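Notes follow once the structure below has been shown.
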Amino acid sequence: MRIPESELIINGDGSAFHIHMRPEELADNVILVGDPERVHIIAEHFDETESSHASREFVSVTGYRNGKRITALSHGIGPDNIDIVMTELDALANVDFKTREIKPEHRSLNIIRIGTSGALHADIPLGSFILSHVSIGFDGVMNWYANRSKIAMTDVEKAFKKHMHWPAKLPSPYFVKSSQKMIDLLSDCTIKGATISAPGFYGPQGRVVRLPLAMPNMLEDIESFRFGDYRITNFEMEGAPLAGFAAHLGHNATTVCCAIANRYLQSSNPDYKPQVRQLIEIVVDRLSRL
């Protein structure tokens, strides 16, 4: 089936519409970050670089570390940008940009998103690295796609909505497991996490400035929820749609975040950049071993 030009827009230079990468520039191993400046920090760890692009918040560099090819790409803030980035990354890997047809052989990407987050329990120290074994979407992005329940932990979703007294007017939350391959790569240096992706930084994460919340007891209810040996560990804004798209499209993905705030203790560390640099170094090194 040929994908129409209106559905997958390809730039005149043969690159994907938003991220401006061409198919041959995409490595099998991908590091995603929100902040475009972090792409340049990742590139500092490359032995050599072969291509780079910048368009709005989407900055990319592809290079080599220890002979392993890696692409670093920024996605900006928010789950809606993950819809763009993951769709276009998958198209670069699995759509022939000349014929606009899906390639007969599927190409699977290894994707790790590096981010920052707020921890939700007193025993998670600032500066900790939390690995999302499970991602929880408050964003609703995956609900727009067919067969959403096939990649979701529907029994946990049902229990969570009951526990939270979930309002009908809000998007239905979804729970998605990360790739075991990516979990195994980082589990020895991280805290086991179940991470909420929120569609905003303030109200959707339970912060009150001037507007009251639709769920005033949200943080307390989230902190007390348990499923198996999991507890919900932290908030961020992009990991759940990443996990959802990867599960649907046949890629290996997870999110690992540096805890720069503790919501339970109401503390924060504004000088978190050294820890993020350390996390970047770990992820680049681990991906270079695949």
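A compact table of results
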read-out	value
Only one of 51, 74, 55 that is in contact (Cβ under 8 Å) with a residue 24 or more places away in the chain, within 21 Å of residue 8 (Cα to Cα) and surrounded by fewer than 19 Cβ atoms within 10 Å (Cβ to Cβ)	55
Qualifying position, being in contact with an Asp or Glu (Cβ under 8 Å, 6 or more places away or on another chain) and within 20 Å of residue 128 (Cβ to Cβ), among 197, 267	197
Residues of segment 244-264 classified as outside any strand (DSSP E or B) and among the small types (Gly, Ala, Ser), total	4
Hey, residue 60 touching a His at 6+ places or on another chain (Cβ under 9 Å), farther than 29 Å from residue 275 by Cβ and crowded, with 18+ Cβ neighbours inside 10 Å or not	no
Those residues of segment 4-40 which are of a type in the set (A, V, I, L, M, F, W, C), open to solvent by 30 Å² or more (accessible area, probe 1.4 Å) and touching a residue at least 12 places away in the same chain (Cβ under 8 Å), in sequence order	10, 17
Failed item in (1) part of a helix (DSSP H, G or I); (2) surrounded by 14 or more Cβ atoms within 10 Å (Cβ to Cβ); (3) out of contact with any Gly (no Cβ under 9 Å at 6 or more places or on another chain), with residue 192 passing the rest	(1)
Where residue 151 falls short, out of the listed (1) farther than 28 Å from residue 272 by Cβ; (2) β-branched (Val, Ile, Thr); (3) free of Cβ contacts under 8 Å to residues at least 24 places away in the same chain	(3)
Residue within segment 114-131 that is in contact with a helix residue (DSSP H, G or I) (Cβ under 7 Å, 6 or more places away or on another chain), under 23 Å from residue 50 (Cβ atoms) and touching a residue at least 12 places away in the same chain (Cβ under 8 Å) present	yes
Flag if residue 235 is assigned to a strand (DSSP E or B), under 19 Å from residue 34 (Cα atoms), touching a residue at least 60 places away in the same chain (Cβ under 8 Å) and of a type outside the set (S, T, N, Q)	yes
Which listed residue is surrounded by fewer than 22 Cβ atoms within 10 Å (Cβ to Cβ), out of contact with any helix residue (DSSP H, G or I) (no Cβ under 6 Å at 6 or more places or on another chain) and in contact (Cβ under 8 Å) with a residue 40 or more places away in the chain, from 214, 259, 240, 246	214
Tally, over segment 221-232, of residues that are open to solvent by 10 Å² or more (accessible area, probe 1.4 Å), closer than 16 Å to residue 162 by Cβ and assigned to a helix (DSSP H, G or I)	2
So residue 128, is it within 30 Å of residue 17 (Cβ to Cβ) and hydroxyl-bearing (Ser, Thr, Tyr)	no
Candidates 54, 91, filtered to the one that is among the aliphatic types (A, V, I, L, M) and either more than 18 Å from the chain's Cα centre (by Cα) or farther than 16 Å from residue 30 by Cβ (or both)	54
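The values are calculated or read from the model by the stated rules, or taken from the named source; none is laboratory data. All of these numbers come straight from a predicted model, not from anything done at the bench. Ideal geometry is used to build each Cβ from the backbone, glycine not excepted, and the neighbour counts take in all protein chains shown. With ligands, DNA and RNA removed, areas are computed over all heavy atoms of the protein, side chains included. Shrake-Rupley method; radii C 1.70, N 1.55, O 1.52, S 1.80 Å.
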